[in-house]
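Structure first, then comments.
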Amino acid sequence: MREYLRPLVQTDPARPSRAMTLAGGWAWFTHVEIVSRDRPAVVVPASEIDAARLAPFVSPRPTVAGLTMDRPRIMGILNVTPDSFSDGGKHLSADSATAAAMAMSAADIIDIGGESTRPGAATVPAEDEITRTVPVIAALRASGLIQPISIDTRKAAVADQALAAGAALVNDVSGFTFDPALAPLCAARGAPVCVIHAQGDPETMQENPHYENVLLDVYDFLNTQIGTLDDLGIPRTRIVADPGIGFGKTLEHNLALLARLSLFHGLGVPLLLGASRKGFIGTLSGASQPDQRMPGSLAVALAALKHGTQFVRVHDVSETSQAIALWRASVAGSADG
């Protein structure tokens, strides 16, 4: 029977001497929850756990695309699509997309996507995706954008041209299951990647998603995919993991993952949470339109930081930056955060 560990993460400035730093970041823990598929969970002191089993939780995370993992990082969303659920059609031209990216000055990395992954969205031909994204990436690099750029794609042909144009990271919503050529390409180019869990593809993923245990099923998928990527030449030092909130998951599935996000630190890689403006926020808040869900999105992002999540992927960059700055100062009791 396999046992999984979940650190009970704290951010309080009154830190016990026995506390262990989580992933070299801003949080710590003294106890862990032992979770399995067959027995009730139990909480034990971390000191009772073998050091080798705790190593993935306490090992500092390496830099990703030039970004250190010792503080929360914001990934700003820039969709150059006609049909994304929140901002589709707003940034179709290179000029408008460039202006939108430059306005995200508080973002640590800009994520550019040319294929909507909203529920029900159809697959976009690679040629169309390239036409939408690559000129924008090239224009941003030519404009002097200082942040790294990630390309949000499932396709090797798109990633190839995006990386050549100046993208630094490949963010694949399929978890590298859609295009078998994508992972070898990223390995050959030395590109860091984000591996996301999704049950099904965007067109069908919300048609009655089912899990035996959503928390552990998602963990096992990500762990397996990370191992596969490592075997293909992408080491864990270049991998970020995302549990895929809203991708083939019900409201209950999303909440189960959010409540125990710290489990995923056991993967030994930085974590990314992309929940901004998603449907479950509207369900819980009553905000029917995506652009009305900024307050709920901020709440979820801050809750993720409480679990030590290193990246939050958001639409509302300046508001998220302000919220994080105040959260960090309030937690630390210091303006230095």
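Determine whether residue 140 is open to solvent by less than 10 Å² (accessible area, probe 1.4 Å) and either at positive phi or over 19 Å from the mean Cα position of the chain (by Cα) (or both).
Yes; evaluated as a whole, the condition is true for this residue.
Is it fair to say residue 184 is open to solvent by 40 Å² or more (accessible area, probe 1.4 Å), more than 20 Å from residue 136 (Cβ to Cβ), without any contact (Cβ under 8 Å) to a residue 24 or more places away in the chain and not hydrophobic (A, V, I, L, M, F, W, C)?
For residue 184, the condition - open to solvent by 40 Å² or more (accessible area, probe 1.4 Å), more than 20 Å from residue 136 (Cβ to Cβ), without any contact (Cβ under 8 Å) to a residue 24 or more places away in the chain and not hydrophobic (A, V, I, L, M, F, W, C) - is not met.
So for region 235-248 (the condition being hydrophobic (A, V, I, L, M, F, W, C), without any contact (Cβ under 8 Å) to a residue 24 or more places away in the chain and at negative phi), does at least one residue qualify?
no
If residue 136 passes every condition in (1) under 27 Å from residue 178 (Cα atoms); (2) in contact (Cβ under 8 Å) with a residue 60 or more places away in the chain but one, which one does it miss?
Result: residue 136 fails condition (2) only.
Return only the number of the condition from (1) buried (at least 20 other Cβ atoms within 10 Å of the Cβ); (2) within 21 Å of residue 174 (Cα to Cα) that residue 256 does not satisfy.
Result: residue 256 fails condition (1) only.
Among the residues of region 249-293, how many are among the β-branched types (Val, Ile, Thr) and without any contact (Cβ under 8 Å) to a residue 24 or more places away in the chain?
Residues meeting the conditions: 1.
Can you find a residue in region 225-233 that is assigned to a loop (DSSP other than H, G, I, E, B) and among the hydroxyl-bearing types (Ser, Thr, Tyr)?
Checking region 225-233: not a single residue is assigned to a loop (DSSP other than H, G, I, E, B) and among the hydroxyl-bearing types (Ser, Thr, Tyr).
Residue check: is residue 37 among the charged types (D, E, K, R) and within 19 Å of the chain's Cα centre (by Cα)?
No; evaluated as a whole, the condition is false for this residue.
How many residues does region 259-289 hold that are open to solvent by 20 Å² or more (accessible area, probe 1.4 Å) and either closer than 20 Å to residue 113 by Cβ or among the polar types (S, T, N, Q) (or both)?
Total satisfying the criteria: 7.
Determine whether residue 19 is closer than 27 Å to residue 329 by Cβ, free of Cβ contacts under 8 Å to residues at least 24 places away in the same chain and open to solvent by less than 20 Å² (accessible area, probe 1.4 Å).
So residue 19 passes the test.
List the residue pairs whose Cβ atoms are under 8 Å apart, where the first residue sits in region 64-90 and is within 10 Å of residue 310 (Cβ to Cβ), the second is of a type outside the set (A, V, I, L, M, F, W, C) and modelled with pLDDT under 95, and the two are 6 or more positions apart or on different chains.
71/337
Consider residue 146 carefully, then state whether it is at pLDDT 90 or above, part of a helix (DSSP H, G or I), surrounded by fewer than 22 Cβ atoms within 10 Å (Cβ to Cβ) and of a type in the set (A, V, I, L, M).
No; evaluated as a whole, the condition is false for this residue.
Quick check: anything in region 67-88 assigned to a loop (DSSP other than H, G, I, E, B), loosely packed, with under 14 Cβ neighbours inside 10 Å and among the charged types (D, E, K, R)?
No, region 67-88 contains no residue that is assigned to a loop (DSSP other than H, G, I, E, B), loosely packed, with under 14 Cβ neighbours inside 10 Å and among the charged types (D, E, K, R).
When the residues of region 149-159 are filtered to those that are among the aliphatic types (A, V, I, L, M) and open to solvent by less than 10 Å² (accessible area, probe 1.4 Å), which remaining residue is nearest to residue 100 (Cα to Cα)?
149
The values are calculated or read from the model by the stated rules, or taken from the named source; none is laboratory data. Keep in mind that this is a model prediction, so the values were computed, not measured. Reconstructed Cβ throughout: ideal geometry from the backbone, glycine too, with neighbour counts over all protein chains shown. Areas reflect the complete protein model, heavy atoms only, side chains present, ligands, DNA and RNA absent. Shrake-Rupley method; radii C 1.70, N 1.55, O 1.52, S 1.80 Å.
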